[in-house]
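Asks: Dropping the structure in here first, questions after.
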Amino acid sequence: MTTNKVLNARVSDKLYEKISDKAKKNRTTVSNLIRNLVEDALEIHEDFHEAVDKKIRKYLSETEKQDILGYQEMVLVKDTECDNCGMLLKVSETAYFAFFEDRDVKAILCATCKNESLQPEKTKAHENTSNK
Ligand SMILES: [Zn+2]
């Protein structure tokens with residue numbers, strides 16, 4: 001791995017001492033220690049992100065919206081929230097299951113979010129025509 005970028009971060013004296021002590025104990029440089037810590041932290045974060053992704057995060061990303069295959073209407077028998085905008089959906093209201101192309105999970109959307117995602121996407125259509 002090339003390490004030619006420099007990151008500067010302000011830390012308290014106390015934190016610097018801790019980092020410096022830890023580096024000495026591990027017989028490494030402060031720079032190496034920080035790099036390893038950040039790498040670990042980001043990997044953990046990614047794993048966590050993926051785990052949440054499987055359950056469907058709140059607020060769908062644009063990519064996720066594009067992956068929606070279709071909707072199934074349902075009448076709620078429990079209060080829940082829209083997975084996209086977080087709006088409270090109450091018992092007996094209509095909500096929509098969003099089915100994705102590439103996975104088994106489903107998202108629950110309110111009518112507003114469902115209708116928004118049905119709007120044609122100009123950029124996407126343009127890409128499709130220019131590629132063929
Ligand atoms: Zn919504």
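Asks: Among the residues of the range 40-80, how many are over 15 Å from the mean Cα position of the chain (by Cα), in the same structural domain as C113 (by TED's automatic domain parsing) and either modelled with pLDDT under 90 or of a type in the set (A, V, I, L, M) (or both)?
Replies: Total satisfying the criteria: 6.
Asks: Here's something else I'd like to know. In the range 91-105, what count of residues is obtained for those that are within 21 Å of L118 (Cβ to Cβ) and part of a loop (DSSP other than H, G, I, E, B)?
Replies: Summing the residues that are within 21 Å of L118 (Cβ to Cβ) and part of a loop (DSSP other than H, G, I, E, B) in the range 91-105 gives 5.
Asks: Now for a different question. Select from the range 91-115 the residues that are over 16 Å from S61 (Cβ atoms), more than 11 Å from the ligand (Cβ to nearest atom) and not charged (D, E, K, R) and list them in ascending order.
Replies: Answer for the range 91-115, where residues must be over 16 Å from S61 (Cβ atoms), more than 11 Å from the ligand (Cβ to nearest atom) and not charged (D, E, K, R): V91, S92, T94, F97, F99.
Asks: Out of the residues in the range 106-132 that are touching a strand residue (DSSP E or B) at 6+ places or on another chain (Cβ under 9 Å) and in a loop (DSSP other than H, G, I, E, B), state the one that is modelled with the lowest pLDDT.
Replies: L118
Asks: Follow-up question, since we're still on this one. Within the range 69-90, restricting attention to residues that are away from the ligand (no atom under 13 Å from the Cβ) and either polar (S, T, N, Q) or not in a loop (DSSP other than H, G, I, E, B) (or both), which residue is farthest from D104 (Cα to Cα)?
Replies: It comes out as V75.
The values are calculated or read from the model by the stated rules, or taken from the named source; none is laboratory data. Computed from a prediction, not measured in an experiment: that's the story for all the values here. Ideal geometry is used to build each Cβ from the backbone, glycine not excepted, and the neighbour counts take in all protein chains shown.
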